[in-house]
Amino acid sequence: MASRIWSKEQAWRWYRERDWVVGCNFIPSDCSGTLEIWQAYNHNEVRKTMEKELALAAYTGINSLRMLLPYGVWQHEHDGFMQRFDAFLDLIEAYGMTLMPIFFDDCGRGPIEQASGKPRFGKQPEPVPGHHGGFPSRSREHSADPSYHMADNRNNWPEMERFVKEMVGKYREDKRILAWDIWNEPGNSGAGGYGNVNKSLEAMEAAFAWAREMDPVQPLTAAPWDFYHDYFERCRPGELTPIEERAVALSDVVSFHYYGPIERSEQLIEAFQAYGRPLFITEWLHRPFANHVHDHLPLYRKEGIACFHWGLVNGKTQTHEPWDWIQNMDLDFSSWQHDLYNRDGSPYRHDEIETFRKLTGKDAPRNGDDSMNSAGQISVSWEPPVLIHDIPAFEDLGVDARYSHPGKYGSQYGRMVFLKNGTWLTVYTIYDNNGYTYEASGGNKLEFAISRDEGQTWERLSQLGHPSRDMDNGQLIELDNGDLLLSCRSVRWHESYQLHVYKSTDGGRTWAFWSTIDELNGSPGSLGNPDKGVYEPHFYRLADGRLSVMYANEKHVIEPPYYSQIISQKISEDDGRTWGEEIWVAWDPASPHLRPGMPVWTRLQDGRYIVVLEVVHLVMYQCVSAAITYKISNDGVHWEAGNGTPIPAQHGGPYVEQLQDGTWMVTSNSGQISVSRDSGASWQTIASLPFASHLWPSLYALDGSRFLLLNSAARPEGGHNIQMCIGQLK
C-alpha cells in the first residue's frame with residue numbers, strides 16, 4: 001500500500017533532526033555528463049577524480065550532493081552500475097556526505113531525431129570550447145518534436161517504474177540518501193529556458209506514486225524553476241505553472257531553483273514559506289545574473305534553507321560558461337556562471353570559499369595560532385625518568401650537509417613499539433661519525449634498544465646504516481607473524497630523498513631492505529631551492545588489515561598549483577612489500593604555500609582515525625609558525641582537503657595517542673602535553689612535566705590512564721639523549 005504525502009509536522013520533524021544542508025550539484029571535472037560518470041568504461045579513473053574533488057567539497061563545508069541518476073546505464077549495465085552506485089555511497093559516507101538522487105529531467109529535452117534508445121558507451125566526445133554544457137545547443141529547427149523526453153512515450157513507463165522502484169526500494173532506509181528528487185525542472189522544454197507545462201505532468205505524477213509506493217524514510221520532492229526570467233518580465237517569484245503547482249503539492253519538502261538577484265530571492269523565499277514546509281533550493285549560483293555566494297549563502301543560512309549550488313570543480317561540462325541562450329544579453333560575463341574551483345583544485349574566488357567555510361564552521365585559522373590558550377591544566381603523577389640511550393659528545397671535523405655539528409648531535413627522534421612477546425623495542429637516530437661530507441661512509445644511523453622489564457632497563461640491540469646517506473625518522477610496527485617492519489627516510493640533502501622499509505625476522509637484531517615507499521632522486525643540488533623531498537613516514541594498520549603509511553611530501557612543489565608540501569598516504573596490500581597510489585591527506589587549496597608535515601596517526605576507539613601534523617608557515621625561508629592541527633577521517637583513507645583544526649599550546653613535531661580510558665593526548669616540540677576528554681572540543685595542558693624541553697617526543701598508551709612519554713632530552717654538554725618517563729593522569 002502506497003504511503004501518503006508527509007504531513008507538515010512529519011516533514012519538519014525529519015528536517016530538524018539534521019544539520020544545515022549545504023550541497024552542490026556534482027559532476028566530476030573529467031566527465032561530460034551522467035553517462036561518463038557511471039559507465040564501466042574508465043570508471044576507476046573517474047573514481048580517483050571523485051575522491052580528490054569530494055575532499056575539496058568537504059573542505060568547503062559541503063555535506064550533500066545532488067546528482068542525476070543514469071537511467072541508460074542502469075538499463076544496459078545494470079549489475080555493474082548497482083555495484084558502482086553502492087561504492088559511491090560508501091565514498092560519500094567517508095566524507096560525511098549524503099546524496100540527493102534525481103530520477104528524471106525535463107531540462108534534458110531535445111529534438112526527437114537525436115534521441116537514442118541506447119546510450120553511446122565508451123569514450124565520450126571531447127567538449128567544444130566556449131559552450132556551457134560542453135557542446136553547442138542542439139538545433140530544433142525542422143524537428144518533428146523539438147522537446148522530446150522518453151516519458152512522452154507511455155511504452156517506456158513500465159521500465160521507468162522498475163527503475164524508480166528498484167532504486168527507492170533498495171535504499172529506502174539508507175541514511176546516505178538525503179531525499180529523492182523525482183523530476184528535475186518539470187515543464188522545462190530545454191528551448192531557451194522556456195517551459196512546456198503539459199508534457200511531463202502525468203509522468204511526473206506517476207513517478208511520485210512509484211517512489212511513494214516503496215514507503216521511503218526520505219522525503220520526495222520536485223522543484224519549480226521558472227523564475228529567472230525576471231529580465232523578460234515574464235513571471236514573478238511565487239507564480240507557478242500548472243506542472244510546478246502539482247510538483248509542490250506532491251512534495252514532502254518544497255524545493256525550487258532560482259538564479260536571480262538577492263531581492264528576488266528574498267521574495268521567492270517568502271512566497272514558498274507560505275507552504276509551511278522545509279525549503280530546499282536545489283539550484284543556485286549564477287554570477288552574471290547577480291546570484292552570488294556572498295549574499296545568497298548567508299540568506300539561506302539565516303532562513304534555514306537547504307541549498308545546493310551548481311558546480312564544484314570546473315571541467316568538461318564547462319558550466320563556467322554562460323548558457324548559450326543568454327550570450328547576447330546585456331550582462332557582465334567577466335565572471336564564471338557556475339563552479340567554485342579551478343581544475344587544479346585552486347579556488348576560483350578565495351572570498352567565496354571563505355564564506356562557505358565560515359558559515360559551515362570550517363573556518364579554523366589556516367596558519368594556526370601558537371598563542372592559543374588551553375582551558376586550564378590537569379595533574380599527572382610521574383615516575384622517575386629512565387635513560388634509554390646516550391652517546392658521548394665528540395670533536396667533529398666540521399658541520400655536516402645540514403650545517404650542524406655531528407659531534408654534538410647525540411641521539412634523537414625516538415619511537416617505540418610494544419611487542420606481543422612482552423618486550424619493548426625503541427628506534428632512534430644517532431651520529432657516531434663526521435657525516436658524509438667528511439667520510440665516504442658517514443651519515444646518521446638508526447639504532448635499536450630493547451627492554452625486557454617494561455622499560456626499567458634497556459640494552460642496545462643493533463644498528464642500521466646506509467653509507468653516504470643520513471638515515472632518520474625511524475618508526476616500527478609488528479606484523480601478525482611477529483616480524484617487524486621499520487619505515488625511515490634515507491637522504492642525501494638536495495640530491496636524493498628516499499623513504500625505505502626494512503624487515504626483521506629476528507626481533508630487530510638484523511634488518512634487510514624490504515621496499516621503497518616513495519623517492520625523488522637527482523644530481524647534486526638539483527632538489528634544493530626549493531626542497532623537493534619526502535620525509536617522516538609513519539605506519540598504521542587500517543581496520544581491514546591493510547598496512548598504510550603517511551609522510552610529508554614536497555614533490556608537488558614542481559607542478560601546478562605548486563604546493564610547498566603536503567601530507568601523502570599510501571596503502572600496501574602485502575604487508576609493505578609494494579605500495580599503492582598516493583592519497584592526499586592534508587593540503588590547503590587556498591594556501592598552497594603552507595607546509596603540513598610530520599604526520600602521526602592512530603585509530604580512535606569510535607572507529608574513526610585521527611592524524612596530527614605541523615603546519616609550517618615560512619617567510620623568506622624562515623619559520624614564523626609551526627602550529628599543530630588535527631584531522632579526522634571516517635575510514636582512514638578519505639580525508640577532506642585542508643590542514644585541520646589547531647590544537648592550543650602545541651607547535652612543531654607532534655605526536656598523538658588515545659589512552660585506554662578514551663582520553664586524547666597530544667605533545668610536540670612545545671614542551672607541553674595537551675589532553676582532551678571531549679574528542680577535541682576543549683584541551684587542557686599537563687601542569688608539570690619531567691623534562692625541561694621536548695624534541696621529537698612521542699606518547700604511548702599503557703593501562704587505564706597511564707601512558708609513556710618518550711623524549712629526545714637536552715643534555716648539559718649539548719645535543720640530546722633518549723629518555724622515557726611513565727605518567728598517570730589524576
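The values are calculated or read from the model by the stated rules, or taken from the named source; none is laboratory data. Everything numeric in this text was worked out from a predicted model, so none of it was measured. Every residue, glycine as well, gets a Cβ built from its backbone with ideal geometry; the counts of neighbours run over all protein chains shown.
Beta carbons closer than 8 Å, at least 6 apart along the sequence or on distinct chains, pair a first residue in region 253-273 that is under 14 Å from Cys307 (Cα atoms) with a second that is of a type in the set (Asp, Glu) and surrounded by fewer than 22 Cβ atoms within 10 Å (Cβ to Cβ) for Ile269/Glu303. Looking at Gly117, is it surrounded by fewer than 14 Cβ atoms within 10 Å (Cβ to Cβ), farther than 21 Å from Gly23 by Cβ and either at pLDDT below 90 or among the hydroxyl-bearing types (Ser, Thr, Tyr) (or both)? For Gly117, the condition - surrounded by fewer than 14 Cβ atoms within 10 Å (Cβ to Cβ), farther than 21 Å from Gly23 by Cβ and either at pLDDT below 90 or among the hydroxyl-bearing types (Ser, Thr, Tyr) (or both) - is met. One residue stands out among those in region 274-303 that are on the phi > 0 side of the Ramachandran plot and either β-branched (Val, Ile, Thr) or out of contact with any strand residue (DSSP E or B) (no Cβ under 8 Å at 6 or more places or on another chain) (or both): the one that is surrounded by the most Cβ atoms within 10 Å (Cβ to Cβ), which is Ala290. In region 120-133, the residues that are within 19 Å of Gln39 (Cα to Cα) reach residues that are modelled with pLDDT of 95 or more and charged (D, E, K, R) with C-beta atoms within less than 8 angstrom, at least six apart or across chains, in these pairs: Phe121/Glu77; Gln124/Glu36; Glu126/Lys316; Pro127/Lys316.
Looking only at region 459-481, decide whether some residue is under 34 Å from the mean Cα position of the chain (by Cα) and farther than 25 Å from Tyr655 by Cα. Looking through region 459-481, at least one residue is under 34 Å from the mean Cα position of the chain (by Cα) and farther than 25 Å from Tyr655 by Cα.
Screening the candidates Arg287, Arg301, Arg277 for the property of being among the basic types (Lys, Arg), in contact with a Lys or Arg (Cβ under 8 Å, 6 or more places away or on another chain) and more than 24 Å from Tyr562 (Cβ to Cβ) yields one hit, Arg277. For region 580-694, please list each of the strands (runs of 3 or more DSSP E) lying entirely inside it that holds at least 1 residues being among the hydrophobic types (A, V, I, L, M, F, W, C) and farther than 27 Å from Gln412 by Cβ. Of the strands (runs of 3 or more DSSP E) lying wholly inside region 580-694, those with at least 1 residues that are among the hydrophobic types (A, V, I, L, M, F, W, C) and farther than 27 Å from Gln412 by Cβ span 583-586, 622-633. Check off (1) on the phi < 0 side of the Ramachandran plot; (2) in contact (Cβ under 8 Å) with a residue 40 or more places away in the chain for Ser676 and give me the number that stays unchecked. Unmet condition: (2). Selection of region 538-574 for residues being modelled with pLDDT of 95 or more, of a type outside the set (A, V, I, L, M, F, W, C) and surrounded by fewer than 18 Cβ atoms within 10 Å (Cβ to Cβ) yields Arg541, Asp544, Gly545, Arg546, Glu573, Asp574.
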